[in-house]
1. If you roll a 1.4 Å probe over segment 1-113 with all protein chains in place, what percent of the accessible area is carbon or sulfur?
2. Using only Cα atoms, tell me the angle between helix 166-181 and the longest principal axis of the chain; keep it within 0 to 90° and round to the nearest 10.
3. What do you get for the angle between helix 149-161 and the principal long axis of the chain? Use alpha-carbon atoms, 0 to 90 degrees, nearest ten.
4. How big is the charge dipole of segment 142-202 about its Cα centre, in debye rounded to the nearest 20, if each Lys and Arg gets +1 on its Cβ and each Asp and Glu gets -1 on its Cβ?
5. Summing +1 for each Lys or Arg and -1 for each Asp or Glu, what net charge is found among the other residues whose Cβ lies under 9 Å from the Cβ of residue 166?
6. Say the cut-off is 26 Å between C-alpha atoms; which of 125/197; 80/200; 80/122; 45/125; 122/189 go over it?
7. In whole Hz, what ³J(HN,Hα) sequence does segment 59-67 give by Karplus (6.51, -1.76, 1.60; θ = phi - 60°), x for Gly and Pro?
8. Packing-wise, with mean Cβ within 10 Å as the measure, how do 119-126, 157-164 rank, highest first?
Amino acid sequence: TAALVGTTKQAMDFETAFAEVRTLINDMPESGISQLKQGLVDLSKQTGILTNESIPAMYQAISASVPADNVVAFLETASKNAIGGVTDLQTSVDGLTTVLNAYAMDTSEVTNVSDLMFETMKRGKTTIGELSRSLFNVVPYASSSGIAFRDISAALATITAQGTPTSVATTQLRQAIVELSDEGAQAGKTFQSLAGKSFKEF
């Protein structure tokens, strides 16, 4: 009886938590919703991340424009990113979606973004959590200036490896991009005189 009561409570807790996700996908057929639920259960078995953590992460991902029909695959990559980077799933989702949205990337690019974040962590003095919490400082400016995320990752690895905190490094990079992109600023003028073209054109 105790086991049955416990199982029933777990099922009720799952449904209560998933109700928030339902508000974002109320036009999805019941068969699709069942697949999402099963995907969460399978993800928990594969990664050890409990559904009370993955359900809010799913809500967060869908809110950040990850299509519902791809969200489970997205969460699989985000889970590997979180586990390898020793952070929680929601932090991982936040960092990945920040980059995807800033660069208007398809969610199929999430593995590449995750790999670049790992490489930045490996070669710099930073963590996945620190990157996820700080990338918003720089990636919108980098994207609008035509600077690839690969180059931002390399720059962050180099700067943090010298001891600069991640949040400071992203702020410094943003400021450099802003000043170089401003053709009226001294940095922008100097770049143009050296390169023969504006920073954005370059």
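The values are calculated or read from the model by the stated rules, or taken from the named source; none is laboratory data. Everything numeric here is computed off the predicted structure, so don't read it as measured data. Cβ: placed from backbone, ideal geometry, glycine included. Neighbour counts: every protein chain shown. Calculation scope for accessible area: heavy atoms of the full protein, side chains included, ligands and nucleic acids excluded. Shrake-Rupley method; radii C 1.70, N 1.55, O 1.52, S 1.80 Å.
1. Working: 3200 of 5940 Å².
C and S atoms contribute 54 percent here.
2. Compared with the principal axis, the helix lies near 50 degrees.
3. The two axes meet at around 80 degrees.
4. On the way: 5 positive and 5 negative charges, 16 e Å.
It works out to roughly 80 debye.
5. On the way: positive: 125, 133; negative: 130.
With Lys, Arg at +1 and Asp, Glu at -1, the net is +1.
6. Values: 125/197 34 Å; 80/200 35 Å; 80/122 15 Å; 45/125 32 Å; 122/189 35 Å.
Over 26 Å Cα-Cα: 125/197; 80/200; 45/125; 122/189.
7. 4, 4, 5, 5, 4, 8, 6, 6, x
8. On the way: 119-126: 19.0, 157-164: 15.8.
Answer by packing, highest mean first, reads 119-126, 157-164.
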